[in-house]
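The values are calculated or read from the model by the stated rules, or taken from the named source; none is laboratory data. Treat the numbers as computed from the prediction; the structure is a model and nothing was measured. Every residue, glycine as well, gets a Cβ built from its backbone with ideal geometry; the counts of neighbours run over all protein chains shown.
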Amino acid sequence: MGLVTLPTFRYHPDPLKSKVVAASTGPCPRCGLDRGLAYTGPVYAIEHVTGLCFPCIADGSAAYKWDLEFVNPYGPEPLDDAARRDELLHRTPGYFSAQGDPWPVHCADYCALLGPVVWDDISHIEAELAADLSRVATSLEICLADLLSDLKRPASPLWAHLFQCLGCSRHRLVADYE
């Protein structure tokens, strides 16, 4: 099989970095094609569905066939835009998080997931992330210094993910403990 390319996902531009991609072990249960790569991220559905190809995620056919979501419907920040919410939940690969796939909003749209991060990845934008760092520390009921310490610790139980606004390019951070 030749080079496999993934469709473009507006809210999740690099599923490889998020580690929700693996070599397929057979045909996609939706379209019946073996495209070389399969989705391994979260699926929120009544029926257990695995091995979906990314084109069937991108076009929404997998979500509608099994009435499923790829992002926890309770995770995203509120946004009063049904079309964008539909795209995020039904046509965007999810990601592994400690608690329910939080997805931030900025400039009246969901942000794009850049991927999991540690302190070395984000220290240069600490001032930009100050509000999110404070919000995360407050929600976890810890002091900011402890949050920063856990972001710096190798093998920390803290899962942190960086997002970027599609409108103004501002960064957002979500984090929680496993």
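List of remarks:
- Test: residue in the range 67-76 that is of a type in the set (Asp, Glu), touching a residue at least 24 places away in the same chain (Cβ under 8 Å) and touching a Phe, Trp or Tyr at 6+ places or on another chain (Cβ under 9 Å): yes
- Some residue of the range 147-155 being more than 15 Å from the chain's Cα centre (by Cα), on the phi < 0 side of the Ramachandran plot and polar (S, T, N, Q): yes
- Only residues that are at pLDDT below 95, under 18 Å from the mean Cα position of the chain (by Cα) and among the basic types (Lys, Arg) were counted in the range 1-37, giving 2.
- Leading residue by the ranking (farthest from GLY94 (Cα to Cα)) among those in the range 31-76 that are of a type in the set (D, E, K, R) and touching a Gly at 6+ places or on another chain (Cβ under 9 Å): ASP34
- Every residue from the range 11-25 that is in a loop (DSSP other than H, G, I, E, B) and surrounded by fewer than 19 Cβ atoms within 10 Å (Cβ to Cβ): PRO13, ASP14, LEU16, LYS17, LYS19, THR25
- Qualifying residue in the range 161-173 (condition: out of contact with any strand residue (DSSP E or B) (no Cβ under 8 Å at 6 or more places or on another chain), of a type in the set (Lys, Arg), modelled with pLDDT of 95 or more and closer than 17 Å to SER18 by Cα): no
- Checked against (1) modelled with pLDDT of 95 or more; (2) under 25 Å from LEU79 (Cα atoms), LEU140 meets all criteria but (1).
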